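Below you'll find the structure, written out as structure tokens, and then a few comments.
What follows is calculated from the coordinates using simple rules that are stated; it is not laboratory data. Being a predicted model, the structure only gives us computed values, none of them experimental. Glycine also receives a Cβ, built like all others from the backbone with ideal geometry; neighbour counts cover every protein chain displayed.
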Amino acid sequence: FGDVFVRRAWKETGLAPEEAGQWMSSGFSAAKASLWAKWQIAPLDASRWLLHNFDSPQEVKLWMRGGFEPQEARVWAERCPLPLESVIQFRKVGFEDADLAYRWSAVLQLPVEAARWHELGFTPDETQEWRELGFFEAHQAYDWKQRGFTPASALREFNS
């Protein structure tokens, strides 16, 4: 807190002296510390996220609420370029692989629906084929598939 302007900047953040000290020792300016503290993100957490090129505390807070660590969030951000809310939903319904979640998102918009098909052993391509022929319910397609039908043969049988 050497210089008068620096002291004033830290005082204006409203942070307790001990907390301000933690931010300072983590290499944050008063302005940046204030921004991250506003979102109730601790100095060490903020540093970890910044190391992975996440510089928006608001976005980081969403990733954190979704249960992501910085390194895995970076992987998901790069490999599954969807709105963050969708990424979090894919994760919540059980998708651990960002690439797979992204492939499913091209077939089904709702992560919970993608999870239904995926849990029954369908790939995104298979799901698309079944759905293109009118089999929109995962369990319906699964029943046909279990009886040895392909989407085309199931449609013929259904229409006969």
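Global dimensions of the range 1-40 from alpha-carbon coordinates: Rg and Dmax equal 9.0, 27 Å.
Couplings 3J(HN,Hα) of the range 93-105, computed from phi: 8, x, 7, 9, 9, 5, 4, 5, 4, 5, 4, 5, 5 Hz, in residue order, whole Hz [Karplus 6.51 cos²θ - 1.76 cosθ + 1.60, θ = phi - 60°; x for Gly and Pro]. Spin-label model, E78/E132: points 7 Å from Cα along the beta carbon direction are separated by 3.2 nm. For a straight C-alpha distance cut-off of 18 angstrom, the lysines reachable from K11 (same-chain residues fewer than eight places away being disregarded) are K32, K38.
Across the range 74-87, rounded Karplus estimates of 3J(HN,Hα) from the backbone phi angles (6.51 cos²θ - 1.76 cosθ + 1.60, θ = phi - 60°) give 4, 4, 5, 4, 7, 9, 9, x, 10, x, 3, 4, 5, 4 Hz, Gly and Pro being marked x.
Net charge dipole, the range 64-153: roughly 140 debye, given to the nearest 20, about the Cα centre with Cβ charges of +1 for Lys and Arg and -1 for Asp and Glu. Give the calculated FRET efficiency between D97 and R48 to the nearest 0.05, with a Förster radius of 22 Å applied to their Cβ-Cβ distance. The formula returns an efficiency of 0.45 here. Along the axis of the charge dipole computed for the range 8-160 (Cβ charges of +1 for Lys and Arg, -1 for Asp and Glu, origin at the Cα centre), the listed residues F149, Q128, F90 are led at the positive end by F90.
Report the equivalent ellipsoid semi-axes for the range 44-128 in whole Å, largest first, defined as the square roots of five times the eigenvalues of the gyration tensor built from alpha carbon atoms. Spell out each step's value before the answer.
On the way: eigenvalues 145, 23, 19 Å².
Semi-axes, largest first: 27, 11, 10 Å.
By the equivalent-ellipsoid construction on the alpha carbon gyration tensor, the range 89-155 comes out with semi-axes of 22, 11, 9 Å, ordered largest to smallest.
Annotation: the range 39-81 has a Kirkwood hydrodynamic radius of 10.2 angstrom, from the mean reciprocal C-alpha pair distance. Per-residue extension of 0.36 nm, minus the Cα-Cα distance of D125 and V112, leaves a gain of 3.0 nm for this segment. Sorted from greatest to least, the principal axis extents spanned by the alpha carbons of the range 59-109 come out as 29, 17, 16 Å. Principal axis extents of the Cα atoms in the chain, from largest to smallest and rounded to whole angstrom, are 86, 20, 18. Mean separation of Cα pairs under 8 Å and 6 or more residues apart, divided by the residue count, gives the range 71-150 a relative contact order of 20 percent. In the range 12-70, Rg over Rh equals 0.96, where Rg is the alpha-carbon radius of gyration and Rh the Kirkwood radius from pairwise Cα distances.
With +1 on each Lys and Arg Cβ and -1 on each Asp and Glu Cβ, and nothing else charged, work out how big the dipole of the range 1-146 is about its Cα centre, in Debye to the nearest 20.
Dipole size: approximately 760 debye.
For the pair W39 and D3, label points projected 7 Å from Cα toward Cβ lie 2.8 nm apart.
For the range 6-33 and the range 112-158, compute the distance between their C-alpha centroids and round to whole Å. If we compute the Cα centre of each part, the gap is 57 Å.
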